[in-house]
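Here you go, one structure.
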Amino acid sequence: MPSDDPRPRRGWWSVTLSDVGDALLGLVTTAVGLGVAIAVVDGVRATNPGAVVLAALLVGAGDLVLRPPLRVLARVGGAMGALVAGLGAQVAVVWLALSLGPGLEVRSAWAVVQVLVITACVMAVGRWVWGASDSDYVVGDVLRRARARARRAGEGGGAVPDHRPPGLLVVQLDGVGTAVLEQALDAGLAPTMARWLESGSHRLTSWWAQAPSTTPASQAGLLHGAADAIPSFRWWDREAGRLVVTNHPDDAAMVERRLSDGRGLLADGGAAVSTMFSGDAARQLLVMSQARRGIGPGTSYLRFFASPFVLARAVTLTVGEMVKELYQGRRQRVRDVRPRVPRRGWYVVLRGVTNVLLRDLATSLVAEQLVRGAPVVFVDLVDYDEIAHHAGPTRPESLRALDGLDGVLDTLQRVAAAAPRDYRVVVLSDHGQALGPTFAQVAGEPLVEAVRRLVSAGREEPSWGGTPGAAGGAGGGRAGARHGGPGGAPEVDAVQAASDEEWGPLNAFLSSAASRHGEDRAVVLGPPGKDRRDGERTAAGDGAPPPEVAVTGSGNLGMVWFPREPRRLVLEEIETRWPGLVRGLASTPGIGLVLVDTAARGLAAVGTGGIAWLEPDGADGLPAVDGTDPVARYGPRATADLRRLGRLGHVGDLVVLSDVTPGGRVHAFEGQVGSHGGLGGPQNRAVLLHPAELPVDDDLLEDVDGERIAVGADRVHHQLLRWATALGLRRDATPPAAAGEEGAAPAAGPAGRLRPGDGS
């Protein structure tokens, strides 16, 4: 792969200018940081500048001396052992340096901690002023070791240490749409990727993220070729008898058990870092679905936790990120930027932790896997997606997040240049995002309240449309209802999944860190905690009936289930039990269409001015559209995507898409001003930036708006498998279906049309 750091051409004793520069920069920034810290911290004193320089040298020497015993502790104690030992080692190294160095005096451990934090801040500022990559500092030790190993193995020729085939590094930039990346390239916010494109080493194209255009569905497709296993970000699972939320560690594990065949993208020795599913990787680090197995080998985390000032710097910059979020959120309010959503509370903390601490940790882990020579490495970086949800996809702070992500790519490129394999880098995203006010801002109430109101009111209204009768047991929908609804009608017992996507990375880290030897210690903080506990009580069979209605929102894709029914209901049954519900939803401001199955003609998209039949027989002579086509506004792929979505397992009895404006704005059923999950706007155009020497195969492409691109994450998975096979990294590869064929059958749930009275 292209690199600005060519491999050295001399033996193991050679020292490059880059090595000397790194060493001097590290010494200078450490000495300056210590000097500033000693000057401002009460309890630490230095008699002369030379003492500070000596302390900086002692810190580096102490770090080298303590590494071997720390590795032993990390192997025994796992990742938490590495964290505890690393923190202790950082304090001990600085304390000893300040205590043993002539001309230095330290009075307390608290003073040492203050010195650590202040020094880390000064070093970060110093590297920024110098123009050095901030991410390079995170992986500096790994980078130096890799370069030294390459020199020793080069025997004067700079060859890689072995003859293994080139590796594949796949970097997912979560939520980055093609148009946004192109805008960032033009604005100079992605110089690394711009250099690749200008040099001709890489090519930029798109792929179509089918509905549900969410991270779980896309990663299930990218890593396992099984996007059809997931109908939404969160759903009511009739088999499990509860809400399933894919960024809960236990739920992610259950979903992966259903979709994995053991031959995912990362089989045969690959590594997964900070992903939702494992891809059947041999090395799984910060993987949501594998939290019970622990956070991963403790030695992989040691350098991040134990390197002097690295963790302290990350924690300090995390706080800085929180302050930046408070400022940016206030600026939106003061300037009355619209549309906007509140940017306060726990989101401020989560942005800091996710976009600094966990990103730095993930960068360190990927670097470690590259120097280990893992054949395929896949990492998900969520910085942009987290900010864009709350600020907007093209707002300044969102685009600036791409600058940081591009810096990570530059760092990983430098690490790969010194790795034992000659890595090829693929950059892709899982979906894009679309701007727009929330559904609650447009309609004046959240989706769950709209459904509750219409279900309650519908009990007193006659059925519309004259469709055939309903299944037996129609009174079941009233069980457990409470009084007090509109007009004296019973209030509906309804449950809605919380908006909790931003808690996923932190919960994965905490759950993994808390798990040892297969024990169930899954940690779920924030709004998802209540959903998980309620779901566990329901599944445990404590005698409480399931709710009458369950409602979820995944961006501008909403779903409604009737959990007391053993199977998905069709329109005829719904209209008999809750007259006016479908019509009322379709005419609600902010809603574009309602997708529902029918006994008479299959899937139908119901809009305020007409119905589109998505599975027309043709032989019956009936029109495919009655009235105004509600699907047309969503683009040329909409009919095929809705047809596929409507037949996925566990899909809602009703599927709701928000309206979309001619300018591509949608309305999230969550508190998000930038959203994805359904159709409309730029959310379905995902990024695929690939090496020019690894072309995209034409048989995996389809025509979308005059451009031939891959449609669906499963197709991208097959392309990645083909590239890995061409590089000699896979022992076998499963051939995909030809372009234009129907996708795989749904992983669970009914595949065919339901009729009133059918069994489950």
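Is it fair to say THR215 is crowded, with 16+ Cβ neighbours inside 10 Å, among the β-branched types (Val, Ile, Thr), closer than 19 Å to LEU435 by Cα and assigned by TED's automatic domain parsing to the domain that holds HIS717? Spell out the reasoning first.
Working: crowded, with 16+ Cβ neighbours inside 10 Å: yes; among the β-branched types (Val, Ile, Thr): yes; closer than 19 Å to LEU435 by Cα: yes; assigned by TED's automatic domain parsing to the domain that holds HIS717: yes.
Answer is yes for this residue.
Can you name the condition, by its number, that GLN441 falls short on among (1) within 22 Å of the chain's Cα centre (by Cα); (2) surrounded by fewer than 23 Cβ atoms within 10 Å (Cβ to Cβ)?
Going through (1) within 22 Å of the chain's Cα centre (by Cα); (2) surrounded by fewer than 23 Cβ atoms within 10 Å (Cβ to Cβ) one by one, GLN441 breaks only (1).
Here's the yes/no breakdown for (1) touching a helix residue (DSSP H, G or I) at 6+ places or on another chain (Cβ under 8 Å); (2) assigned to a loop (DSSP other than H, G, I, E, B); (3) under 30 Å from ARG343 (Cα atoms):
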{"position": "THR598", "(1), (2), (3)": "yes, yes, no"}
{"position": "GLY602", "(1), (2), (3)": "no, yes, no"}
{"position": "THR608", "(1), (2), (3)": "yes, yes, no"}
{"position": "PRO616", "(1), (2), (3)": "no, yes, no"}
{"position": "ASP629", "(1), (2), (3)": "no, yes, no"}
{"position": "THR639", "(1), (2), (3)": "no, no, no"}
{"position": "VAL656", "(1), (2), (3)": "yes, no, yes"}
{"position": "HIS667", "(1), (2), (3)": "yes, yes, yes"}
{"position": "GLY671", "(1), (2), (3)": "yes, yes, yes"}
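Residues in the stretch 640-662: is at least one closer than 23 Å to ARG708 by Cβ and of a type in the set (Asp, Glu)?
Yes, that holds for at least one residue.
Can you pull out every residue in the stretch 580-634 that is of a type in the set (Lys, Arg) and either in contact (Cβ under 8 Å) with a residue 60 or more places away in the chain or within 21 Å of ARG568 (Cβ to Cβ) (or both)?
If we filter the stretch 580-634 for residues that are of a type in the set (Lys, Arg), which is where we start, we get 583, 601, 633.
Result: ARG583, ARG601.
Could you give every pair whose Cβ atoms fall below 8 Å, whose first residue belongs to the stretch 277-298 and is farther than 15 Å from HIS224 by Cα and crowded, with 22+ Cβ neighbours inside 10 Å, and whose second residue is among the basic types (Lys, Arg) and at pLDDT 70 or above, counting only separations of at least 6 or pairs across chains?
GLY296/ARG283
Among the residues that make up the stretch 198-208, is at least one of them touching a residue at least 12 places away in the same chain (Cβ under 8 Å) and over 28 Å from ASP705 (Cβ atoms)?
Filtering the stretch 198-208 down to residues touching a residue at least 12 places away in the same chain (Cβ under 8 Å) leaves 199-208.
From what is left, the residues that are over 28 Å from ASP705 (Cβ atoms) are 199.
Checked against the condition, which is being touching a residue at least 12 places away in the same chain (Cβ under 8 Å) and over 28 Å from ASP705 (Cβ atoms), the stretch 198-208 yields at least one hit.
Could you tell me whether GLU198 is among the acidic types (Asp, Glu), out of contact with any Ser or Thr (no Cβ under 7 Å at 6 or more places or on another chain) and modelled with pLDDT of 95 or more?
Values: among the acidic types (Asp, Glu): yes; out of contact with any Ser or Thr (no Cβ under 7 Å at 6 or more places or on another chain): yes; modelled with pLDDT of 95 or more: yes.
Criteria met by GLU198.
Evaluate the stretch 426-438: report whether one residue or more is under 27 Å from VAL273 (Cα atoms) and either among the β-branched types (Val, Ile, Thr) or modelled with pLDDT under 90 (or both).
Checked against the condition, which is being under 27 Å from VAL273 (Cα atoms) and either among the β-branched types (Val, Ile, Thr) or modelled with pLDDT under 90 (or both), the stretch 426-438 yields at least one hit.
Okay, next question. Can you tell me which condition THR363 does not meet? The list is (1) closer than 26 Å to ALA724 by Cβ; (2) surrounded by fewer than 18 Cβ atoms within 10 Å (Cβ to Cβ), and all the others hold.
The one condition THR363 does not meet is (2).
Looking at the stretch 252-270, is at least one residue surrounded by fewer than 24 Cβ atoms within 10 Å (Cβ to Cβ), under 15 Å from ASP174 (Cβ atoms) and out of contact with any strand residue (DSSP E or B) (no Cβ under 6 Å at 6 or more places or on another chain)?
no
Also, I was wondering about something else. Between residues in the stretch 164-186 that are closer than 21 Å to GLN369 by Cα and touching a residue at least 24 places away in the same chain (Cβ under 8 Å) and residues that are in a strand (DSSP E or B) and of a type in the set (Val, Ile, Thr), which pairs lie under 6 Å by C-beta distance while being six or more apart or on different chains?
LEU168/VAL376; LEU169/VAL377; LEU169/VAL425; VAL170/VAL426; VAL171/VAL379; VAL171/VAL427
Being surrounded by fewer than 21 Cβ atoms within 10 Å (Cβ to Cβ) and aliphatic (A, V, I, L, M) is the requirement here; does LEU694 meet it?
Values: surrounded by fewer than 21 Cβ atoms within 10 Å (Cβ to Cβ): yes; aliphatic (A, V, I, L, M): yes.
When the stated conditions are applied, LEU694 passes them.
Continuing with the same structure: For residues that are crowded, with 24+ Cβ neighbours inside 10 Å and of a type outside the set (A, V, I, L, M, F, W, C), scanning just the stretch 425-437, find the one that is farthest from the chain's Cα centre (by Cα).
By that ranking, first place goes to GLY436.
Return the residues of the stretch 556-570 that are touching a helix residue (DSSP H, G or I) at 6+ places or on another chain (Cβ under 7 Å) and surrounded by 24 or more Cβ atoms within 10 Å (Cβ to Cβ); say none if nothing qualifies.
Residues satisfying the conditions are GLY558, VAL560, PHE562.
Name the single residue, out of those in the stretch 172-203 being closer than 26 Å to GLY279 by Cβ and among the hydroxyl-bearing types (Ser, Thr, Tyr), that is surrounded by the fewest Cβ atoms within 10 Å (Cβ to Cβ).
Per the stated criteria, the residue is SER201.
How many of the residues making up the stretch 283-317 are among the aliphatic types (A, V, I, L, M), farther than 21 Å from LEU266 by Cα and at pLDDT 70 or above? Lay out the reasoning, then the answer.
Of all residues in the stretch 283-317, those among the aliphatic types (A, V, I, L, M) come to 285-288, 291, 295, 302, 306, 310-312, 314-315, 317.
The next check asks that each one be farther than 21 Å from LEU266 by Cα; those that pass are 302, 306, 310-312, 314-315, 317.
When the remaining residues are screened for being at pLDDT 70 or above, the result is 310, 312, 314-315, 317.
Final tally of qualifying residues: 5.
Condition (residue is among the polar types (S, T, N, Q), modelled with pLDDT of 95 or more and over 19 Å from GLY680 (Cβ atoms)) applied to the stretch 585-593: is it met by at least one residue? First the steps, then the outcome.
Here is the first cut: in the stretch 585-593, the ones among the polar types (S, T, N, Q) are 587-588.
Okay, now just the ones that are also modelled with pLDDT of 95 or more, so 587-588.
Now drop any that are not over 19 Å from GLY680 (Cβ atoms), which leaves none.
Checked against the condition, which is being among the polar types (S, T, N, Q), modelled with pLDDT of 95 or more and over 19 Å from GLY680 (Cβ atoms), the stretch 585-593 yields no hits at all.
Let me ask something else about it. Being outside any helix (DSSP H, G or I), under 30 Å from ALA724 (Cα atoms), not basic (Lys, Arg) and not assigned by TED's automatic domain parsing to the domain that holds LEU27 narrows it down to one residue among ALA374, ALA401, ALA416; which is it?
Working: ALA401 fails: outside any helix (DSSP H, G or I); ALA416 fails: outside any helix (DSSP H, G or I).
On inspection, the qualifying residue turns out to be ALA374.
The values are calculated or read from the model by the stated rules, or taken from the named source; none is laboratory data. Quick caveat, the model's predicted, so the values are computed rather than measured. Note that we place each Cβ from the backbone using ideal geometry, even for glycine, and neighbour counts take in every protein chain shown.
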